[in-house]
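The values are calculated or read from the model by the stated rules, or taken from the named source; none is laboratory data. Just so you know, these numbers come straight off a predicted model, no measurement behind them. Quick reminder, even Gly has a Cβ in these numbers, built from the backbone with ideal geometry, and neighbours come from all protein chains shown.
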């Protein structure tokens, strides 16, 4: 079941990437982060209310968030800071790079996640699963190379570095998720809802301090439907992801590798909506990603 949930998460994460690109394209990044994160929290607010007033119903529907001690909230705040840093880097990189370049750069995160899963958590995937992970990682690398070759030579390297550092902090967040969901056994919806709540506060403060006073000099804010859609898609993607990772038998290395197959959806969206990308140059990486997923599912 956790493998299927990982695939569902990958699909909606790809749609989430496309929505992010539309939302930040020529737009003010920090307010977009605030409003999109807030919209995600509002999507989870009914879960918190149902869990509080009717815990039996929430458990029956598998959306129980529960009540956790203050120490757990401190851990969620730490997760919010880690993810917040990753998203700031990702949104700025995505704003200045084609999605067909930014998405595969961000998809290098599983490389760091797999290393952490093996070295820190002692995961040992089967031979077929190891082959699938290796095939997907190599395909990500080939995809990234072909995408960078197709990018404008005028693209500053700083935005590529932003996406790489975003991938590294994203991998740290994935390892932290495994700790929260498996070692601490926190309910997935508790982690998701409160993480979005605290992150909304963080982005709200950043927007008020750094963007709002200088808003007339900086990139103006354009409110678009895609900003609210980001939060909705994130909640679906992360609900599937966290429930997958909460399974005691789930392997972080596999979940992360499958989840980052979202580049297939991101590339399709980039071609259809933003007229980016060259399918011919991506045929080999795409085939490798699909073959790797098949090996893992077997």
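Taken together, the criteria exclude residue 277 from residues that are under 19 Å from the mean Cα position of the chain (by Cα), over 16 Å from residue 5 (Cα atoms) and modelled with pLDDT under 95.
Considering 142, 97, the condition of being within 30 Å of residue 26 (Cα to Cα), surrounded by fewer than 20 Cβ atoms within 10 Å (Cβ to Cβ) and modelled with pLDDT of 70 or more is satisfied by 142 alone. Exactly one residue out of 45, 13, 5, 74 is free of Cβ contacts under 8 Å to residues at least 24 places away in the same chain and under 22 Å from the mean Cα position of the chain (by Cα): that is 74.
Looking for whichever is modelled with pLDDT of 80 or more and either buried (at least 19 other Cβ atoms within 10 Å of the Cβ) or in contact with a helix residue (DSSP H, G or I) (Cβ under 8 Å, 6 or more places away or on another chain) (or both) here; the options are 103, 90. Which one fits? None of the others qualify; the one that does is 90.
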